[in-house]
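Structure record follows, encoded as C-alpha cells.
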Amino acid sequence: MDDTAIRDLLLATRRIAVVGASTRPDRPSHGVFGFLLDRGYDAVPVNPTLAGQAIHGRPVLAGLEAAAPLDMVDVFRRSAEAGAVVDEAVRLGARSVWLQLGVVDAAAAARARAAGLVVVMDRCPVIEWRRLGLPARIGH
C-alpha cells in the first residue's frame with residue numbers, strides 16, 4: 001500500500017479489534033493498543049486467555065465476534081495463525097485487516113482482498129502513524 005492509502009485507512013477507521021492484545025507492558029501489542037486508544041480509536045482487546053481482564057481500562061473479549069461490528073482487525077498472532085483471524089474478520093464484515101510486523105500470510109491477504117477488505121501486512125500502525133506525521137488524534 002502506498003502512503004496515501006495507509007493515511008486514508010488510518011484516518012477513516014474508528015473501531016479496531018486488536019487480536020492478541022496483552023496485559024504485559026513489555027509486549028508490543030500492549031503498547032500499540034494503548035497508542036490506538038490515545039489516538040481516539042474505539043479499540044477493543046481480543047484474547048481468549050485474558051478474557052474478563054482489562055487492558056488500558058478496556059475489558060478483554062474472548063473472541064472477535066463479540067467485538068463486532070468492526071472497521072479494522074489488527075492481528076498480533078503468529079503468521080501460521082493469522083489466516084483464521086483474517087477469515088473471521090471477512091466473515092464478520094470488517095472493512096480492513098492489519099497484520100503486524102512479522103505477520104505474513106499472503107494467501108489470507110489474497111482471500112481478504114478478494115472479499116473487498118483493505119489489507120496491510122507486515123507493518124505497524126504506530127510506526128506508520130508517526131512516519132506519516134498524522135494528527136495527535138483521529139478527527140482532528
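Any read-out appearing in this document is the output of simple, stated calculations on the displayed coordinates, not a laboratory observation. It should be emphasised that the depicted structure is a prediction, and the values quoted were computed from it without experimental measurement. Note that we place each Cβ from the backbone using ideal geometry, even for glycine, and neighbour counts take in every protein chain shown.
Of all residues in region 11-63, exactly one satisfies the criterion of being part of a helix (DSSP H, G or I), more than 14 Å from the chain's Cα centre (by Cα) and buried (at least 17 other Cβ atoms within 10 Å of the Cβ), namely Leu50. Looking at this structure, is Asp71 over 11 Å from the mean Cα position of the chain (by Cα), among the acidic types (Asp, Glu) and closer than 24 Å to Arg137 by Cβ? Judged against the criteria, Asp71 is not a match. The set of residues in region 96-130 that are out of contact with any strand residue (DSSP E or B) (no Cβ under 9 Å at 6 or more places or on another chain), surrounded by 13 or more Cβ atoms within 10 Å (Cβ to Cβ) and in a helix (DSSP H, G or I) comprises Arg111, Val126, Trp129. Test Arg24 against the stated conditions and say whether it is in contact with a His (Cβ under 8 Å, 6 or more places away or on another chain) and not polar (S, T, N, Q). Yes.
Selection within region 64-88: residues that are assigned to a helix (DSSP H, G or I) and touching a residue at least 40 places away in the same chain (Cβ under 8 Å). The member of this set that is surrounded by the fewest Cβ atoms within 10 Å (Cβ to Cβ) is Ala67.
Could you pull out the residue among Asp87, Asp122 that is acidic (Asp, Glu) and closer than 25 Å to Asp38 by Cα?
None of the other options fit; the residue is Asp122.
Does region 68-82 hold any residues that are of a type in the set (A, V, I, L, M) and closer than 11 Å to Val97 by Cβ, and which are they? Of everything in region 68-82, those that are of a type in the set (A, V, I, L, M) and closer than 11 Å to Val97 by Cβ turn out to be Leu70, Met72, Val73, Val75, Ala82.
Okay, residues lined up against (1) aromatic (Phe, Trp, Tyr); (2) without any contact (Cβ under 8 Å) to a residue 24 or more places away in the chain; (3) at positive phi:
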site	(1), (2), (3)
Thr13	no, no, no
Val19	no, no, no
Gly34	no, yes, no
Arg39	no, no, no
Asp42	no, no, no
Pro45	no, no, no
Gly52	no, yes, yes
Pro59	no, yes, no
